[in-house]
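Have a look at the structure below, then the notes.
Coordinate-derived values only; no laboratory data. Quick caveat, the model's predicted, so the values are computed rather than measured. Heads up, the Cβs are rebuilt from the backbone with ideal geometry, glycines too, and the neighbour counts pull from every protein chain shown.
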Amino acid sequence: MSLFAELPEAEIDAVLVLAQAFQADSRADKVDLGIGVYRNEDGNTPVMRAIAKATQDLAANEVTKAYIGLGGSDRFNTAILDLLLGSDRNTSRIRAVQTAAGAGALRLLTEMVKAAKPNATMWISDPSWFNHAPIAETVGLAWTSYTYLDADTQSVNFTQMCADLEGAAEGDIVLLHACCHNPTGANLTPAQWDEVTVLLKRKELTPMLDIAYLGFAEGLEKDSYALRKMISDLPEVIAALSCSKTFGVYRDRVGAAIIVGETAFAADAARSSVMAAGRVNYSFPPNFTAEVIANVLTDISLREEFESELEQMRKRLIANRQGFAAAARKHLGDGRFDYVAEHQGMFSRLRLDSGTVPALRDNYGIFIPNDGRINVAGLNPEISDRVATAIKAIS
Ligand code: LMR
């Protein structure tokens, strides 16, 4: 009997199914507003200039590809902590482990949590990134959800979010999107982050921050607010950083698991647990692009070039949001999508009747996931007009 004969086809999440459908579609004017990759005005995802230069330089000068260690590149880990927290931070209780992108960091941190507190529950926003709950489930950690969005205003339902988190038990983990919430685009204000921090402290909950869009909301420094605040006020913090979007290195898989312990000893123990999880998943994280990023961050002129390109990307997202809200007003005759201009990051969800998403895809070649999430980077003035007129025609 064949090993695979009875094996059912594995389910992959909706955004990846959509990406396959988009690739298979033969229409020349198809529009991809699905998977979260940055796109420029022409719909391309170019290599960032500073990354391209540092890549060429490293390729020309790399002298070995021998293993480094389970924690990955120390230069990268230090540069990333400097980026997130500034170089004058108190390092004694803060650790970083280079990982295979943000998903790798989430996975290893979740395994560490499972080893440290097998009965903890992970609290995940409703809605959240497609992959959050499956990671908890695969690791065998219980999870539940907390209210996040007010459906009428498409802004954070902060009162209900806090009320739900009051139900968490001491030692539970609260997964929070540090900026640019995926999929809603609705985010907490600094004052709300302060309030959540007080709640976590009072109830002895540990935050797990997912930082996948650093620099896309209000800039590198302001987007680190939640992380910095929690590290300063709480005994323990864990965070998963993805470099995919911020540095445009999606397929190279670079990220970091960040661990803040109550003491240096506790931080070291947690770091060793994360590295041990890495060992049985993929052994060592990939090095090349992590080293490229370390070089960009530590070279004054490359760093400047990187920051200015990231800033251009951020501003383009804001302009796209405003452009879409204006196009929707013009073609639909009301402000139902004004909230898109208020949101931050790569995504917002369009409130659409059921049937509109498939009709947009089948009749107009506009691809968005079933929950109505759009990748704002995929818009330009012409596409915004197309989406708005198509919604008008369908409804
Ligand atoms: C997304 O949400 O589209 C991105 O984070 C890509 C992914 O891996 O799902």
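Summary table
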quantity	calculated
Viscosity 1.567 mPa s, 4 °C: Kirkwood-radius Stokes-Einstein D of the chain over Cα pairs, µm²/s	59 µm²/s
Within segment 319-395, trypsin sites (Lys or Arg not before Pro) in DSSP loop having at most 13 other beta-carbon neighbours inside 10 Å	351
DSSP beta bridge pairing in the chain, given as percent antiparallel to the nearest 5	45 percent
Residue with peak Gaussian network fluctuation, the chain [Cα springs, cutoff 10 Å], from 308, 87, 26	26
Sites residue 52 and residue 232, calculated FRET efficiency, Cβ-Cβ separation with R0 41 Å, nearest 0.05	0.65
Potential lengthening between residue 282 and residue 319 on full extension [0.36 nm per residue; Cα-Cα distance subtracted]	9.3 nm
Contact order relative to length of segment 187-329, as percent, for alpha carbon pairs under 8 angstrom and 6 or more apart	21 percent
Qualifying trypsin sites (Lys or Arg not before Pro) in segment 12-121, DSSP loop, other Cβ atoms within 10 Å at most 10	27, 65
Segment residue 353-residue 334, length gained on full extension (0.36 nm per residue, minus Cα span)	5.2 nm
Cα gyration tensor, segment 49-173 - rounded (a/c under 1.5), prolate or oblate	prolate
Using a Förster distance of 41 Å, the FRET efficiency for residue 394-residue 194 (Cβ separation, nearest 0.05)	0.45
For a label point 7 Å along the Cα-to-beta-carbon line of residue 82, residues of segment 193-223 with backbone N under 15 Å	none
Calculated FRET value between residue 301 and residue 5, using beta carbons and R₀ = 56 Å, to 0.05	0.45
Normalised contact order of the chain, rounded percent, pairs of Cα under 8 Å and 6 or more residues apart	25 percent
Neighbour-count ranking [beta-carbon atoms within 10 angstrom, fewest first] of 352, 214	352, 214
